[in-house]
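To keep things clear, I will list the structure first and then write my remarks on it.
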Amino acid sequence: YLEGQAQDMERAIGDLEKVLEELARRIKSTFEENFARINKAFGKNFASLFAGGSAELTLLQLDEENYGIEISVQPPGKRVTALSTLS
């Protein structure tokens, strides 16, 4: 009886690992799609607000689990490499 229970537990663990892998894949895919849409809209809205120029969001991987976002903008007629130089 106990051997059967142990086998059931091992199967359940395997099934859960498969579900977690699929969930992680879907989350990553959805995030990448949405980030690309947001980046496109950001650039379009920036150009609209400033009558030209360009703007871009870049995803930075800080380590295995942490990410950051770099914001690059270039107003029309100016050469800016970092957002902090606009202040």
*In Å and from the alpha-carbon atoms only, list the Rg and Dmax of the chain.*
22.4, 78
*Hey, what's the chain come to in accessible area per residue, 1.4 Å probe, Å²?*
87
*In terms of the Cα gyration tensor, with a ≥ b ≥ c the square roots of its eigenvalues, is the stretch 22-70 rounded because a/c is under 1.5, prolate because a/b exceeds b/c, or oblate?*
oblate
*Longest span of the chain, sites excluded, free of trypsin sites (Lys or Arg not before Pro) in DSSP loop with at most 13 other C-beta atoms within 10 Å?*
1-77
*Considering the dipole of the chain built from charges on the beta carbon (Lys and Arg +1, Asp and Glu -1) around the Cα centre, which of Gly14, Ala47, Tyr67 is farthest to its positive end?*
Ala47
_Lys, Arg +1 and Asp, Glu -1 on Cβ, resulting dipole of the chain about Cα centre, debye, nearest 20_ = 1000
*Candidate aspartates and glutamates for bridging to Lys40, where Cα separation is under 15 Å - those fewer than 8 sequence places away on the same chain excluded*: Glu32, Glu56, Glu70
*Angle between the chain longest axis and helix 2-49 axis [Cα atoms, degrees, rounded to 10]*: 10
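The values are calculated or read from the model by the stated rules, or taken from the named source; none is laboratory data. It should be emphasised that the depicted structure is a prediction, and the values quoted were computed from it without experimental measurement. Note that each Cβ is placed from the backbone with ideal geometry, even for glycine, and that neighbours are counted across all protein chains shown. Areas reflect the complete protein model, heavy atoms only, side chains present, ligands, DNA and RNA absent. Shrake-Rupley method; radii C 1.70, N 1.55, O 1.52, S 1.80 Å.
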